[in-house]
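Worksheet for the structure shown next.
The values are calculated or read from the model by the stated rules, or taken from the named source; none is laboratory data. Quick caveat: nothing in here was measured; it's all calculated off a predicted structure. Ideal geometry is used to build each Cβ from the backbone, glycine not excepted, and the neighbour counts take in all protein chains shown. The protein model used for the area step is the full one, side chains on, heavy atoms only, and it has no ligands, DNA or RNA in it. Shrake-Rupley method; radii C 1.70, N 1.55, O 1.52, S 1.80 Å.
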Amino acid sequence: MSERTPEPKTVLLRRGEVHSPADPFATAMVVERGQVAWVGSEGAADAFADGVDEVVDLDGALVTPAFTDAHVHTTSTGLALTGLDLSAAPSLEAALARVRDFAAARPHDKVLLGHGWDASRWPGGRPPTRAELDEATGGRPLYLSRIDVHSAVVTTALLDLTPGLAASYGPQAGEGDAPLTADVHHAVRAAAFAAVTPAQRAEAQRTALAHAASLGIGSVHECAGPEISSEDDFTALLRLAAEEAGPRVVGYWAEQAEEGIARARELGAAGAAGDLFVDGALGSHTACLHAPYTDAAHTGTAYLSASDVATHVTACTEAGLQAGFHAIGDAAVTAVVEGVRAAAEKVGLARIRAARHRVEHAEMLTPETIAAFAELGLTASVQPAFDALWGGEDGMYAQRLGADRARTLNPFAALLRAGVPLAFGSDSPVTPLDPWGTVRAAAFHRTPEHRVSVRAAFTAHTRGGWRAVGRDDAGVLVPGAPADYAVWCTDALVVQAPDDRVARWSTDPRSGTPGLPDLSPGTDLPVCLRTVVGGRTVYVRPGE
């Protein structure tokens, strides 16, 4: 990405398909001073043609609001894009081979960084041992985060670079071959990421944001915090996004109560929210459950209690900031609900609802906790790709929880029916930046009862992200809205529902509903031709 350059003052886009509730048959749009000024028909566009600085012939392309990814770890995403990515490794042996090749190709790196292994998908189902990693790297420091980023495997040399590990966490810290979790994991991750230079960090951030722009993503919500990244990483990202052309970055800083609120304000965060961990993740057996795991004799890890949640939500509400929590297991979600309800009893329900506090992931929900989300005005910031990757009768969720419990996960339809605001994201690099794939995953959920329409999923991935940060006037192409949009090459548009019984009328123009691409499994996803943020072009597909 390059330095911001002035864009034409006024632009007319015409001869396309403009996805706008203001006119379901719109084929043209005028953008002026970074805002949508008009949408309408091709005939009416003639009246604007002589008064604009530029006319863009869409040649039948689709124009939609740019996507918002509501949960991203930008630097880690960039490091995964430019570094060692094990998400596609089909076996332990293949993963170790990639580690060897990566180590050989990076002889001067102080610490080798990698991400994405998932032993639950490998024959044998086990992660690499420390001895295997020591051999593969030639004894060099290596940090390999599991795909959910809640555990990691490391080499002996990295443990040696982590000062005070045994003194801080006991003599068992780092011993054995089990993946590192909780505080020990946070300590070795901090040591590994401390080796990343400012120049490497900036390269990773630019790479991640450029990749997002190439996918039609106009905004990302950075979920940072002292256990995830660093203050320098966070402020450098916000500064880079403000100075260079690319997606908008809304930053959250996950630190508790009064100290966290002060830090969030100081760092320029939108809230003391994001990945403020109430628990861990299912894949790492650290999500906090009411009943034990099917494949482990415990209920996971609780990092915050309902009382901790109440204290933080009360302080944030009184300070006028968003609070938010990472909660995946049913016990963790219950703790959030009980804590927010206790805060509402102290400061008033209306103030709690107005603050639009967030819950990230929120996978294991019950009818009672769904109703509580609606009552308390909590936004569910969710990742449909989790179900696509780990759902189903034979997926990781079923391994961890058993088929019956696994079928209850990620109940998007029930959340929408209850009136719970949804914001879609990727949790990249846990799952890739892939907005149309995310919409498809929600519309074709592995558990049919949890499916939502393509239209509802698209709204959650565009307007939903803006609403999650308190903006109701954006994420939609209507006059007065920010000119954040993407231009797509795609096939014929349909009004698609996730129920085969209504597919007969899905292409009927009499519905008056703006069409969207056909996202049925097996179809090609739309290709981004151009992404515009605030009226400035931040991506053009090569050759366009």
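Evaluate segment 214-221: report whether one residue or more is of a type outside the set (Ser, Thr, Tyr), crowded, with 24+ Cβ neighbours inside 10 Å and in a helix (DSSP H, G or I). No, every residue in segment 214-221 fails to be of a type outside the set (Ser, Thr, Tyr), crowded, with 24+ Cβ neighbours inside 10 Å and in a helix (DSSP H, G or I). The condition of being open to solvent by 30 Å² or more (accessible area, probe 1.4 Å), out of contact with any helix residue (DSSP H, G or I) (no Cβ under 9 Å at 6 or more places or on another chain) and not in a loop (DSSP other than H, G, I, E, B) holds for only one of 50, 59, 23, that being 50.
Among the residues of segment 328-356, those that are open to solvent by less than 70 Å² (accessible area, probe 1.4 Å), touching a helix residue (DSSP H, G or I) at 6+ places or on another chain (Cβ under 6 Å) and more than 16 Å from residue 288 (Cα to Cα) comprise 340, 342, 343, 344, 347, 352, 355.
Provide a single number: the residues in segment 94-127 that are assigned to a helix (DSSP H, G or I), open to solvent by 60 Å² or more (accessible area, probe 1.4 Å) and more than 27 Å from residue 384 (Cα to Cα). Walk me through how you get there before you give the answer.
Within segment 94-127, the subset assigned to a helix (DSSP H, G or I) is 94-105, 119-121.
If we keep only those that are open to solvent by 60 Å² or more (accessible area, probe 1.4 Å) as well, we get 98, 100-101, 104-105, 121.
Narrowing the set further to residues that are more than 27 Å from residue 384 (Cα to Cα) leaves 98, 100-101, 104-105.
So the count comes out to 5.
Looking at (1) open to solvent by 10 Å² or more (accessible area, probe 1.4 Å); (2) among the polar types (S, T, N, Q); (3) under 19 Å from residue 452 (Cα atoms), which one does residue 381 not meet, given that it meets all the others? Failing condition for residue 381: (1).
Which ones in segment 419-455 are in contact with a strand residue (DSSP E or B) (Cβ under 8 Å, 6 or more places away or on another chain) and within 17 Å of residue 517 (Cβ to Cβ)?
424, 435, 436, 438, 439, 442, 454, 455
Checked against (1) surrounded by 18 or more Cβ atoms within 10 Å (Cβ to Cβ); (2) in contact with a strand residue (DSSP E or B) (Cβ under 9 Å, 6 or more places away or on another chain), residue 148 passes all but a single condition, namely (2). The set of residues in segment 72-93 being at pLDDT 95 or above, within 14 Å of residue 234 (Cα to Cα) and either assigned to a strand (DSSP E or B) or open to solvent by 30 Å² or more (accessible area, probe 1.4 Å) (or both) consists of 72 alone. Against the test of being acidic (Asp, Glu), open to solvent by less than 70 Å² (accessible area, probe 1.4 Å) and at pLDDT below 90, the options 7, 3 yield a single qualifying residue, 7.
Would you mind stating whether residue 423 is among the small types (Gly, Ala, Ser) and more than 23 Å from residue 471 (Cα to Cα)? Here the answer is no, as residue 423 does not meet what is asked. Among the residues of segment 391-439, write down those that are of a type in the set (Lys, Arg) and either closer than 21 Å to residue 252 by Cα or in a loop (DSSP other than H, G, I, E, B) (or both). Once the filter is applied, which keeps residues that are of a type in the set (Lys, Arg) and either closer than 21 Å to residue 252 by Cα or in a loop (DSSP other than H, G, I, E, B) (or both), segment 391-439 yields only 407. Do the conditions hold for residue 372, that is, is it open to solvent by less than 10 Å² (accessible area, probe 1.4 Å) and assigned to a strand (DSSP E or B)? When the stated conditions are applied, residue 372 does not pass them.
Note on segment 155-174: among residues that are open to solvent by 20 Å² or more (accessible area, probe 1.4 Å) and of a type in the set (Ser, Thr, Tyr), the one that is modelled with the highest pLDDT is 156.
Please go through segment 440-485 and give me each residue that is β-branched (Val, Ile, Thr), open to solvent by 20 Å² or more (accessible area, probe 1.4 Å) and either under 21 Å from residue 24 (Cβ atoms) or without any contact (Cβ under 8 Å) to a residue 60 or more places away in the chain (or both), ordered by number. Walk me through it before giving the result.
Filtering segment 440-485 for residues β-branched (Val, Ile, Thr) gives 447, 452, 454, 459, 462, 469, 476, 478.
If we keep only those that are open to solvent by 20 Å² or more (accessible area, probe 1.4 Å) too, we end up with 459, 469, 478.
The answer is 459, 478.
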